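Structure record follows, encoded as structure tokens.
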Amino acid sequence: MTCKKCGRCCMEMDIGLSKQEVEAVQAGELDWPLQISPLGMYMLAQDPEDGGCPFLDRDTRLCKRYGQRRPAACSAFFCEG
């Protein structure tokens, strides 16, 4: 199926980060907000207002980082509509 651009996945999924991504954030190479899960894993911090991905444009329902470096979990995600 193709992506319906509903933004649901970006509002409901927790985005885990790889060791390399975390190191790049900590080195200042990436300006991504981090949070640590209850299990001690690094994740992309959720938007404090609605709990969704901070990179999701709330008006267009599209990723503001698409075409730029974004989390590998996002790049690998396949939308099943």
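The values are calculated or read from the model by the stated rules, or taken from the named source; none is laboratory data. Computed from a predicted structure; not experimentally measured. Cβ atoms come from the backbone with ideal geometry, glycine included; neighbour counts cover every protein chain shown. Note: areas computed on protein heavy atoms with side chains; ligands, DNA, RNA excluded. Shrake-Rupley method; radii C 1.70, N 1.55, O 1.52, S 1.80 Å.
At a glance:
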| read-out | value |
| --- | --- |
| Subset of region 5-17 (residues that are at pLDDT below 95 and surrounded by 11 or more Cβ atoms within 10 Å (Cβ to Cβ)) | LYS5, CYS6, GLY7, ARG8, CYS9, CYS10, MET11, MET13, ASP14, ILE15, GLY16 |
| Region 20-58, residues that are among the acidic types (Asp, Glu), farther than 15 Å from CYS9 by Cα and open to solvent by 60 Å² or more (accessible area, probe 1.4 Å) | GLU23, GLU29, ASP31, GLU49 |
| Subset of region 1-31 [part of a loop (DSSP other than H, G, I, E, B), of a type in the set (A, V, I, L, M, F, W, C) and either in contact with a Ser or Thr (Cβ under 9 Å, 6 or more places away or on another chain) or more than 19 Å from ALA72 (Cβ to Cβ) (or both)] | MET1, CYS6 |
| Test: ARG69 is surrounded by fewer than 17 Cβ atoms within 10 Å (Cβ to Cβ), basic (Lys, Arg) and either in contact (Cβ under 8 Å) with a residue 60 or more places away in the chain or in contact with a Cys (Cβ under 9 Å, 6 or more places away or on another chain) (or both) | no |
| Residues of region 32-56 satisfying the condition of being assigned to a loop (DSSP other than H, G, I, E, B) and within 12 Å of the chain's Cα centre (by Cα) | TRP32, PRO33, ALA45, GLN46, ASP47, GLY51, GLY52, CYS53, PRO54, PHE55 |
| CYS63 being touching a Lys or Arg at 6+ places or on another chain (Cβ under 7 Å) and open to solvent by less than 100 Å² (accessible area, probe 1.4 Å) | yes |
| Filter result (assigned to a helix (DSSP H, G or I) and exposed (fewer than 14 other Cβ atoms within 10 Å of the Cβ)) within region 72-81 | SER75, ALA76 |
